[in-house]
Amino acid sequence: MRLPRSVTEMLLAGAVLSGFALAGSALVAYVHQQTRARIAANESAATRRLLDDILPPGRHDNDMVRDTLQVTAPEMLGSEAPLTVYRARRNGKPVAAVLTVVAPDGYNGAIRLLVGIARGGELLGVRVLSEHETPGLGDRIEAGKSDWIRQFRGRSLGDPPQAQWRVRKDGGAFDQLTGATITPRAIVKAVRGSLIYFRRHRTELFRKQDTD
Amino acid sequence: MQDKPYFAIARDGLWNNNPGLVQLLGLCPLLAVSATVVNALGLGFATLLTLTASNVSVSLIRKLVREEIRIPVFVLIIASFVTAVEMAMNAYFHQLYLILGIFIPLIVTNCSILARAETFASRTDPARAAADGLAMGVGFTGVLVTLGAMRELLGQGTLLANAQMLAGQWGQHLTVHVIPDYDGFLLAMLPPGAFIGLGLLLALKNVIDDRSAQRRRAGSTAVDRTETPVEGGAAA
């Protein structure tokens, strides 16, 4: 039986198209295979660099990138999705936790932060993971661009008192940035939220990995 | 098209039919990623690589693909190469990859790549297609980098800031602080700066073209009235 000419042509076109789809997928799969390990290493190296910046390596002896926990607390940590907590230990005893926190109300979308908190509830440091703030104004929250983010070091929920956890413009204790108030406001709020979260959940945060 | 001379291919890509200045294609990444020279170079190279690879492949398969399905096939080819380039950048230029973010996958939608596949590469041999991809890619990168240099210089008084993201450790020494203790000029770094900068570049190109056309007219006497028309805006 002979198929009509138009049908064979269609089938042929379909075959050629699927051939290309297959070849394209093969190329992508091959490159993925070749780069996967390197990409994973890059990502954990980048995280490790940030963690080391918050918490000098001498204070703990575990690999924080491997000692993690996923937590979800939308009201305090600003995200519906699970966020990673990195735990620092020395001789197996908890030293500090570094929380991934989202400030959802940045000037230009969500700002992701790393907030390092010592076991006693004192801030070790805050660093920006990702932001889309205005270049030259809001983006001075980055540690590489100004010292603003370093003012959190050593603070805790009682210092300043909770009512003072605002930017100066709102009657609080924290400096804003010249020309940018919304960004610092969002960050102060996010840092305070993570301190409250830490106080409420400290024991659970340091529990050994439950199931892995 | 089949036997377009190589020097014409190069001249078109770099100047006469430049994707950024004449065809005005791929403006979204051009405007968004040209805040600094290093970002511009990164995106420029990624585009150049994709453009050349897709041009060569399209040219190689030009006799195999039926008219009706050529566009889906071109899109498949371009998307595969862009994904591969994206993963390679993530692996080898991780920091730059993080900064360029969404604009690397968006190279797929840079219409100048599909335009070259359709209007040139699918009608010529692989060597010419490669030359065209290179010329257009270099032309695009050139505009990106020029705009990036203008904006970075005006915006923050440096050139090649963060070069270590492209060149590794020694790249740090490449950064030039042209104006020390510069306060910065925010407008240049923001999107309006990109539009104004591109406008100035377009004006400059038109002035140069006008001048050289005038000179040519003055040089050739009334005997030769056939002015060589520039093959501009072919794909617009």
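Report the residue, chosen from B:SER57, B:SER212, B:SER80, that carries the largest GNM mean-square fluctuation when chain B is represented by alpha-carbon nodes joined by springs under 10 Å. The residue that fluctuates most here is B:SER212. Counting, for every residue in B:94-107, the Cβ atoms of other protein chains within 10 Å of its Cβ and taking the mean gives 1. For region A:96-117 versus region A:1-78, the spacing of their alpha-carbon centroids is 24 Å. Hydrodynamic analysis of chain A uses the Kirkwood radius over alpha carbon pairs. Inserted into Stokes-Einstein at 25 °C and 0.890 mPa s, it gives a translational diffusion coefficient of 124 µm²/s.
Here the calculated FRET efficiency for A:THR178 and B:LEU98, from their Cβ-Cβ distance with R0 = 22 Å, stands at 0.25, rounded to the nearest 0.05. In Å², nearest 100, what accessible area do chains A and B bury in total when the solvent probe is 1.4 Å? So the total buried area for this chain pair works out to about 1900 Å².
Solvent-accessible area assigned to carbon and sulfur over region A:59-207 amounts to 45 percent, based on a 1.4 Å probe. For the pair A:ARG48 and A:LYS93, the difference between a 0.36 nm per residue extended length and the Cα-Cα distance amounts to 14.2 nm.
Among B:GLY42, B:GLY184, B:GLY133, which one shows the highest mean-square fluctuation when chain B is modelled as a Gaussian network with alpha-carbon springs under 10 Å? Fluctuation is largest for B:GLY184. With θ taken as phi - 60° and the Karplus curve 6.51 cos²θ - 1.76 cosθ + 1.60 applied, the whole-hertz 3J(HN,Hα) list for region B:131-148 is 4, 5, x, 4, 5, 5, x, 5, x, 5, 4, x, 5, 4, 5, 4, 4, x Hz, x standing for glycine and proline. Counting 0.36 nm for each residue step from B:THR119 to B:LEU201 and taking away their Cα separation leaves a gain of 26.9 nm.
A Cβ-based charge dipole, computed about the Cα centre of the protein assembly as shown with Lys and Arg at +1 and Asp and Glu at -1, lands at about 720 debye. Would you please give the FRET efficiency between A:ALA41 and B:CYS28, computed as 1/(1 + (r/R0)^6) with r the Cβ-Cβ distance and R0 = 35 Å, to the nearest 0.05? Computed FRET efficiency for A:ALA41 and B:CYS28: 0.65. Our coupling estimate for region A:25-41, obtained by passing each phi through the Karplus curve with A = 6.51, B = -1.76, C = 1.60 and θ = phi - 60°, is 4, 4, 4, 4, 4, 5, 5, 4, 4, 6, 9, 4, 4, 5, 5, 4, 5 Hz, Gly and Pro reported as x.
With both labels modelled 7 Å from their Cα along Cα-to-Cβ, the A:ASP159 to B:HIS177 distance reads 3.4 nm.
Considering only A:ALA96, A:ALA41, A:ALA26, give the residue with the highest GNM mean-square fluctuation for chain A, with springs between Cα atoms whenever their separation is below 10 Å. Answer for the Gaussian network model of chain A: A:ALA26. Accessible area per residue (1.4 Å probe, heavy atoms of protein chains only) ranks B:VAL176, A:VAL98, B:VAL56 as B:VAL176, B:VAL56, A:VAL98, with the largest value leading. Averaging the sequence gap over all C-alpha pairs within less than 8 Å and six or more residues apart, then dividing by the number of residues, gives region A:78-212 a relative contact order of 20 percent. Accessible area per residue for the protein assembly as shown, computed on protein heavy atoms with a 1.4 Å probe, is 51 Å². Across peptide A:13-20, the mean count of Cβ atoms from other chains lying within 10 Å of each residue's own Cβ comes to 5.
Over 24 Å between Cα atoms, which of A:LYS169/A:LYS189; A:LYS145/A:LYS189; A:LYS93/A:LYS145 qualify? Going by Cα-Cα distance, A:LYS93/A:LYS145 fall outside the 24 Å limit. Estimated from helices alone, the mean residue ellipticity of the protein assembly as shown at 222 nm is -16500 deg cm²/dmol (sum of -39500 (n - 2.57) over DSSP H runs with n ≥ 4, per residue). Within region A:22-65, the residues that become at least 10 Å² less accessible when every protein chain is included than when their own chain is isolated (1.4 Å probe; DNA, RNA and ligands ignored) are A:GLY24, A:LEU27, A:VAL28, A:VAL31, A:HIS32, A:THR35, A:ARG38, A:ILE39, A:ASN42, A:GLU43, A:ALA46, A:ARG49. Pair-distance distribution of the protein assembly as shown: all C-alpha pairs, bin width 10 Å, starting at 0; shares per bin in whole percent are 4, 17, 22, 21, 17, 11, 6, 2, 1, 0. Of the whole protein surface, A:TRP148 contributes about 20 Å² of accessible area at a 1.4 Å probe radius.
The values are calculated or read from the model by the stated rules, or taken from the named source; none is laboratory data. Quick caveat: nothing in here was measured; it's all calculated off a predicted structure. Because the Cβ atoms are built from the backbone with ideal geometry, glycine has one as well, and the counts that use them run over all protein chains shown. Surface accessibility is based on the protein's heavy atoms, side chains included, excluding ligands, DNA and RNA. Shrake-Rupley method; radii C 1.70, N 1.55, O 1.52, S 1.80 Å.
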